[in-house]
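The values are calculated or read from the model by the stated rules, or taken from the named source; none is laboratory data. Keep in mind it's a predicted model, so treat the numbers as computed, not measured. Glycine also receives a Cβ, built like all others from the backbone with ideal geometry; neighbour counts cover every protein chain displayed. For the accessible areas, the whole protein counts, side chains as well, though only heavy atoms, and no ligand, DNA or RNA atoms are used. Shrake-Rupley method; radii C 1.70, N 1.55, O 1.52, S 1.80 Å.
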Amino acid sequence: RRDGVGGPVDMEMARQGFSLACAGKSGVGCFEQGRIYAEGLGGYRKHLGNAINSFAAGCAWKHYDSCLRVGDMTLAGQGVTADAARAIKTYQAVAKRYPNSSYAPEALYRSARLRLAHRRASLRAGVR
């Protein structure tokens, strides 16, 4: 009922439903629960630690967008310490684990973009 389909908007019911779905190994449920925490939907305060944990669970249950969110949040230091190398590994793992998904090219792009930025920064600093 997050979007009001089937009745009025009820974020508490939606959060409980997504929590149960995530506990039942639903990647989509974990992703939606993570969105509630990450974006502070429905009056909930943002809690980035809970968000990244939810996205990580969604990734474990093969929800590709959850995996990309873990990489994005790791890169930005949202809910965890910022770590570009870990974000790159996360993106590469998505591409390797799910090579036939539509998310694999996006994961490879994000990984390559970060590696290129790191390489350029090293060259500017005179490190080879």
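Pick from 113, 120, 124, 45: which is closer than 21 Å to residue 14 by Cβ, open to solvent by 30 Å² or more (accessible area, probe 1.4 Å) and not hydrophobic (A, V, I, L, M, F, W, C)? Spell out the reasoning first.
Working: 113 fails: closer than 21 Å to residue 14 by Cβ; 120 fails: closer than 21 Å to residue 14 by Cβ; 124 fails: closer than 21 Å to residue 14 by Cβ.
One residue alone meets the criteria, 45.
The residue pairs whose first member lies in the range 6-19 and is of a type outside the set (Ser, Thr, Tyr) and surrounded by fewer than 16 Cβ atoms within 10 Å (Cβ to Cβ), whose second member is assigned to a helix (DSSP H, G or I) and at pLDDT 85 or above, and whose beta carbons are closer than 8 Å, counting only pairs six or more residues apart or on different chains, are 11/36; 11/41.
If you scan the range 85-102, which residues turn out to be in a helix (DSSP H, G or I) and surrounded by fewer than 17 Cβ atoms within 10 Å (Cβ to Cβ)? Steps first, answer last, please.
Keep residues of the range 85-102 that are in a helix (DSSP H, G or I), which gives 85-97.
Answer for the range 85-102, where residues must be in a helix (DSSP H, G or I) and surrounded by fewer than 17 Cβ atoms within 10 Å (Cβ to Cβ): 85, 86, 89, 93, 96, 97.
Residues in the range 20-31 that are open to solvent by 40 Å² or more (accessible area, probe 1.4 Å) and not in a loop (DSSP other than H, G, I, E, B): 20, 23, 28. For the range 41-62, the condition holds for no residue, the condition being that it is hydrophobic (A, V, I, L, M, F, W, C), in a helix (DSSP H, G or I) and touching a residue at least 40 places away in the same chain (Cβ under 8 Å).
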